[in-house]
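These notes are about the structure you will find just below.
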Amino acid sequence: MRSAVDLCLRSLSRMLRRNGRSYCTDNSSRVKIFDRNLKRKQRDRAAWLLRPGDSFVDAVAENLLDRLEDCKKTFPSALCMGGSLEAIRRLLNGRGGIEKLMMMDTSVDMVKLCEQAEQNSPNKNVETSFIVADEEYLPVKESSLDLVISCLGLHWTNDLPGAMIQSKLSLKPDGLFLGAILGGETLRELRIACTVAQMEREGGISPRLSPLAQVRDAGNLLTRAGFTLPGVDVDEYTVARELIEHLRTMGETNALLQRNTSLKRDTALATAAIYESMFGTEDGTIPATFQVIFMTGWREHPSQQRAKKRGSATVSFKDIQKEFGGGT
């Protein structure tokens, strides 16, 4: 229960932002929020617990990869980093015209899992390689890739803008970045239940939270990283299964540097009771909401669409109004 409670409180991002981290300020790259070594160990554990076919993870991966079908061009060389590596590899199915695919993770065990899955069920016509590395320090040459994919991984980086800038620099001109991160409304049911329980039993909220991007932050992130034609959309998924085990399997448990490792028994029991009473369904299931923010960005290229310069219009709005009617 402790890890889930810690994770649910991430959605209260404003409190931590007041303490120094913002996705839209120059201070973000100098603030350390997450224990990256602990996150690597959690992903090692997740590799052992992982069972292919997680409905939520597969749905997010499919949604992200569907964007490749909307592109007329192909992407011969691609990098998939962190997050849901196994789902991306398994569900790729020839989309994007990928010929060379590099799969990267901080977790040795996660990389080994993907490598074993590739041996058992290889992607046809795709040369796949595997590397252990950190999203915050991409070991990739500049302008060497056509596509970068990150599915449910980048929200654990200490310097998210910096990681996205590195992704952009690794792309060739007219290269594509596809990203999916957990948004600030993730696990709102558990967050509410835990907040009410802490206020009732302890008289306040413990500093267990870490920031998650809001939808409005995603566009700023893409623009700040230098991507052109930025696109952002959001989707919500409701999961009704054993939440704690699910979070461990995904590697989504708490990794704050200054995490509070203690949780009073009374508070934990109260949280479970409030959660069930407020959000439990008639059939006995207890839903959990995951908000996912999808981001799309391109590296600049002369062939891309550009907005016309201000004042270059040849037709006025008044003329258009006269042509199509005089309504306001």
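Some points to look at:
- Convex hull of alpha carbon positions in region 122-261: directionally averaged projected area 11.4 nm².
- Note on Lys100/Glu200: beta-carbon distance plugged into 1/(1 + (r/R0)^6) with R0 of 51 Å gives a FRET efficiency of 0.40.
- Of the residues Ser107, Ser144, Ser312, the one that moves most in a GNM of the chain with alpha-carbon contacts below 10 Å is Ser312.
- When the GluC sites (Glu not before Pro) in region 221-315 are filtered for DSSP coil states and for at most 14 other beta-carbon atoms within 10 Å of their beta-carbon, the remaining sites are Glu242, Glu282.
- Heavy-atom SASA rank of Lys41, Lys72, Lys141 (probe 1.4 Å, accessible area, largest first): Lys72, Lys141, Lys41
- MRE, 222 nm, helices only [DSSP H, n ≥ 4, -39500 (n - 2.57), over the chain, to nearest 500]: -12000 deg cm²/dmol
- Shown in residue order for region 163-168 are the 3J(HN,Hα) couplings computed by the Karplus curve 6.51 cos²θ - 1.76 cosθ + 1.60 at θ = phi - 60°: 5, 6, 5, 4, 4, 5 Hz (x for Gly and Pro).
- Residue of Arg241, Arg89, Arg191 that the Gaussian network model of the chain assigns the largest fluctuation, springs spanning Cα pairs under 10 Å: Arg241
- Rg to Rh quotient for region 142-201, alpha carbon positions, Kirkwood Rh: 1.26
- Neighbour net charge for Ser303 - beta-carbon separation under 11 angstrom, K R +1, D E -1: 0
- Inter-label distance, nm, simple model (7 Å from Cα along the C-beta direction), Ser143/Thr314: 3.5 nm
- Each of Glu236 and Asn63 was given a label point 7 Å from its Cα along the Cα-to-Cβ line. The distance between the two points is 1.2 nm.
- Anisotropy class of region 82-150 from Cα gyration tensor, a/c 1.5 cut: oblate
- Positive dipole terminus of the chain, leading residue within Ser129, Ala47, Gln166 (C-beta point charges): Gln166
- The stretch between Ala273 and Phe130 holds 47.0 nm of extra length on full extension. This uses 0.36 nm per residue minus the Cα-Cα distance.
- GluC sites (Glu not before Pro) within region 71-147: DSSP coil, no more than 12 neighbouring Cβ in 10 Å: Glu142
- Taking every alpha-carbon pair under 8 Å whose residues sit at least 6 apart, the chain reaches a relative contact order of 26 percent.
- Sorting Leu247, Leu263 by solvent-accessible area of protein heavy atoms yields Leu263, Leu247, largest first, with a 1.4 Å probe.
- Residue among Lys318, Lys172, Lys112 with the largest mean-square fluctuation in a Gaussian network model of the chain, springs linking Cα atoms under 10 Å: Lys318
- Whole-number accessible area per residue in Å² for the chain, which is evaluated in the context of all protein chains at 1.4 Å: 49 Å²
- When a 1.4 Å probe is rolled over the protein heavy atoms, the share of accessible surface on region 134-259 that falls to carbon and sulfur comes to 50 percent.
- Cα-based helix-to-principal-axis angle, 265-279 vs the chain, degrees rounded to 10: 50 degrees
- Rounded to the nearest 20 debye, dipole of the chain from Cβ charges on Lys, Arg, Asp, Glu: 1180 debye
The values are calculated or read from the model by the stated rules, or taken from the named source; none is laboratory data. Note that the structure is a prediction, hence the values are computed from the model and not measured. Glycine also receives a Cβ, built like all others from the backbone with ideal geometry; neighbour counts cover every protein chain displayed. Protein only, heavy atoms only, side chains kept; ligands, DNA and RNA dropped before computing areas. Shrake-Rupley method; radii C 1.70, N 1.55, O 1.52, S 1.80 Å.
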